[in-house]
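Structure, as structure tokens:
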Amino acid sequence: MYLKTLNLRQFRNYQNQNVEFNAAKTILVGNNAQGKSNLLEAVELLATLRSHRMTRDRDLVQEGEAIAQINATLERQTGVSDLTLTLRRNGRRSVALNGESIRRQMDFLGVLNAVQFSSLDLELVRGGPEGRRNWLDTLLIQLEPVYAHILQQYNHVLRQRNAFLKRHVETLDATSLHSELAVWDAQLATTGTRVIRRRDRAIQRLAPIASAWHASISGSTEVLQIKYVPNIPLEDNHPEEVQQAFLAKIQQRAIAEMHQGTTLVGPHRDEIELTINQTPARQYGSQGQQRTLVLALKLAELQLIEEVVKEPPLLLLDDVLAELDLSRQNQLLDAIQDRFQTLITTTHLGSFDSQWLKSSQILFVKAGE
Ligand code: ATP
Ligand code: MG
């Protein structure tokens, strides 16, 4: 797929900016705080309706304005699409495809696919499980847009159940509390099972691809393993069995849930384990080795999305080249070639070889222009 144009209106520090892309690689160069990452973030929002910066919509809308708009034209094998995302300070969003407004987000997701790689991604290795869950969920949204809907349903039930627990934990005795909770439990298990099974399948497909990339980049016998560790024991991926295990685990943790007044069981507490030679990656190795791991994950994401959607997604590289050593830079650049349309931000062009500069479109970014 190929992003042809982008228009940013009242989005972050962009007042009204048109960009036309005319090469497979675009380098955005500029000093700090000029708007390079903001532009990549806009593309990421069109692809996933999420931002890895985890910002609220009110921060995306330009200061002093009520509304922001991101518009793009995208060429795919199936034709050209026009995508518009409207963001409001009050958090209400709307999306349109080819000029027609779309009611369900999942019909908008999956039109543009992109993999974002920034220095924040190191948190995948170093940070807590929430970041890894978010990463996996964002990938799944692109692999199967209906997943956005499934996740929303699960989170909705989870919020309701938590609110109920909090409200009634002190007013009801254990027996009546649990008979009241039964309705929520059933819904939690049904929607949670959908989340768990999809996460499991995605990791099963991603893990071998990432391990292969890791072996190739590190050029060693170190073995990267990615393992999905659901909060519910998962013997196999059969829906009825997962649901049963889910309900059994709820029973098991009933007393603890009453004490803590919150839901302790379900995919909102899953872990995605990253190990190298069976040592947790967080404890393992240098920053450089951790970067190698993240690079392998990102290349695996690219490859998996390409396999599933049958077209190469975009790659958004935010300031990462400077953080990789020369050999890893070359591995990355070789893997991209002209296969993936790539937007790269940098503060100086010095880190690119002349071949790259010659074949890239170079955009100078200054104060939101
Ligand atoms: P760096 O090289 O430091 O990563 P960058 O070019 O990637 O810089 P961005 O993160 O894209 O920088 O842009 C940051 C700029 O955007 C800052 O000047 C910030 O004040 C501005 N900015 C962010 N949000 C808004 C907003 N809602 N309204 C106006 N300006 C904003
Ligand atoms: Mg930046």
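Only the coordinates and a few stated rules stand behind these numbers; no lab work does. Predicted, not measured: the structure shown is a model, and the values here were computed from it. Neighbour counts run over all protein chains shown; Cβ positions are idealised from the backbone, glycine included.
Taking region 1-42 as the range and being within 12 Å of ligand 1 (Cβ to nearest atom), more than 20 Å from ASN113 (Cα to Cα) and without any contact (Cβ under 8 Å) to a residue 60 or more places away in the chain as the test, the residues that pass are GLN10, ALA33. Among the criteria (1) surrounded by fewer than 17 Cβ atoms within 10 Å (Cβ to Cβ); (2) farther than 21 Å from GLN152 by Cβ; (3) touching a helix residue (DSSP H, G or I) at 6+ places or on another chain (Cβ under 6 Å), the one LEU274 does not fulfil is (1).
Surrounded by 14 or more Cβ atoms within 10 Å (Cβ to Cβ) and within 29 Å of LEU316 (Cα to Cα): does that describe LEU295? Yes, satisfied. For region 43-64, the criterion of being touching an Asp or Glu at 6+ places or on another chain (Cβ under 7 Å) and loosely packed, with under 13 Cβ neighbours inside 10 Å is met by no residue.
Of the set (1) in contact (Cβ under 8 Å) with a residue 24 or more places away in the chain; (2) crowded, with 19+ Cβ neighbours inside 10 Å; (3) not hydroxyl-bearing (Ser, Thr, Tyr); (4) not in a loop (DSSP other than H, G, I, E, B), all apply to ARG205 but (2). Residues in region 293-330 that are more than 19 Å from the chain's Cα centre (by Cα) and closer than 18 Å to ALA24 by Cβ were compared, and the one that is farthest from ligand 2 (Cβ to nearest atom) is ASN330. The number of residues in region 167-202 being surrounded by 15 or more Cβ atoms within 10 Å (Cβ to Cβ) and either outside any loop (DSSP other than H, G, I, E, B) or in contact (Cβ under 8 Å) with a residue 60 or more places away in the chain (or both) comes to 24. Would a scan of region 285-292 turn up a residue that is away from ligand 1 (no atom under 16 Å from the Cβ), among the β-branched types (Val, Ile, Thr) and under 15 Å from SER218 (Cβ atoms)? There is at least one residue in region 285-292 that is away from ligand 1 (no atom under 16 Å from the Cβ), among the β-branched types (Val, Ile, Thr) and under 15 Å from SER218 (Cβ atoms). Are there any pairs, at least 6 apart or on different chains, whose C-beta atoms fall under 9 Å, with the first in region 302-330 and within 22 Å of GLY79 (Cα to Cα) and away from ligand 1 (no atom under 16 Å from the Cβ) and the second assigned to a loop (DSSP other than H, G, I, E, B) and β-branched (Val, Ile, Thr), and if so, which? Hits for this filter: GLU311/THR78. Annotation for region 264-275: no member residue is among the hydroxyl-bearing types (Ser, Thr, Tyr), more than 16 Å from ligand 2 (Cβ to nearest atom), free of Cβ contacts under 8 Å to residues at least 12 places away in the same chain and out of contact with any Ser or Thr (no Cβ under 8 Å at 6 or more places or on another chain). The criterion of being more than 30 Å from PHE164 (Cα to Cα), out of contact with any helix residue (DSSP H, G or I) (no Cβ under 7 Å at 6 or more places or on another chain), crowded, with 16+ Cβ neighbours inside 10 Å and among the acidic types (Asp, Glu) holds for GLU306. Among all positions in region 43-57, there is no residue which is closer than 30 Å to GLY350 by Cα, more than 10 Å from ligand 1 (Cβ to nearest atom) and in a strand (DSSP E or B).
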